[in-house]
Amino acid sequence: MALIYIVEDDANICEIEAIALTNSGHTVETFENAGAFYERLTASKPDLVVLDIMLPDEDGLEILRKLRNKPDTRRTPVILISAKSTELDRVRGLEMGADDYITKPFGVMELIARVKALLRRTEEERKISGKEKYLRLGDIFIDDVRHVVFVSDEKCELTYKEYELLKLLVINEGIVLTRDIIMEKVWGMEFESESRTVDMHIKTLRQKLGVCGNLIKTVRNVGYVAEA
């Protein structure tokens, strides 16, 4: 099973999470602060990180930013845990590169289900990327080995989620993807109220793609499709 790191300073919550995931067959290591977590990362990389936002020495969002900026942890799945439950807080966490967001209090069965779904999705993406290392749509070229995008031979700077969104659309060229499917595949979530997150990312993605932005088409009341 998976190696999971839990970064949580609340001893009771950390113990509950660790027991639940260990009983699910995973190997779990726990850290009460960012310093211990970073030290362990230098020796071994996890398959997934459960990351609390409120920590004593460093904000969880800052930890997430650092993970996404490092090549060796850029694609490590991260589930944010927070007592902040507003849509704005969830969107901020997802925009910064989190794969899922769970608000406190939560049940252990929910945590186990979210971890299972995210690990399954990550494995599917690895299989896809192993077969499709280079993707093209019109003048858009995706190098999934280096995790970079070129538009008309010019490098296009995308955030982690924008990249995953573009890759999903290109892999499924000509297939209309609903907002729910996109949320599930890119964010691992099935919340109808979060559909605006997809629309917002599509808008910024189109802007960054410039003249190639029109290759991502809106299907009214359904979702989006990539067509050259």
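If only residues of segment 24-42 that are open to solvent by 80 Å² or more (accessible area, probe 1.4 Å) and part of a loop (DSSP other than H, G, I, E, B) are counted, the one that is farthest from residue 103 (Cα to Cα) is 42.
If the condition is being among the acidic types (Asp, Glu) and either free of Cβ contacts under 8 Å to residues at least 60 places away in the same chain or closer than 9 Å to residue 4 by Cα (or both), then segment 15-31 contributes 15, 29. When residue 76 is tested against (1) of a type in the set (S, T, N, Q); (2) closer than 30 Å to residue 174 by Cα; (3) surrounded by fewer than 14 Cβ atoms within 10 Å (Cβ to Cβ), exactly one condition is not met: (3). Among the residues of segment 49-59, those identified as among the charged types (D, E, K, R) and surrounded by fewer than 16 Cβ atoms within 10 Å (Cβ to Cβ) are 57, 58, 59.
The set of residues in segment 60-73 that are open to solvent by 70 Å² or more (accessible area, probe 1.4 Å) and outside any helix (DSSP H, G or I) comprises 70, 71, 72.
Residue-by-condition table, conditions (1) closer than 14 Å to residue 115 by Cβ; (2) over 20 Å from the mean Cα position of the chain (by Cα); (3) assigned to a helix (DSSP H, G or I):
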position	(1), (2), (3)
9	no, yes, no
15	no, yes, yes
22	yes, yes, yes
55	no, yes, no
58	no, yes, no
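Listed by first and then second residue, the pairs with beta-carbon distance under 6 Å, at least 6 apart or on different chains, first residue in segment 168-189 and in contact (Cβ under 8 Å) with a residue 60 or more places away in the chain, second in a loop (DSSP other than H, G, I, E, B) and open to solvent by less than 70 Å² (accessible area, probe 1.4 Å), are 188/99.
The values are calculated or read from the model by the stated rules, or taken from the named source; none is laboratory data. For clarity, every value in this text was computed on a predicted model and none was experimentally measured. Counting neighbours? That spans all protein chains shown, and the Cβs are built from the backbone with ideal geometry, glycine included. SASA here: full protein model, heavy atoms, side chains in, ligands and nucleic acids out. Shrake-Rupley method; radii C 1.70, N 1.55, O 1.52, S 1.80 Å.
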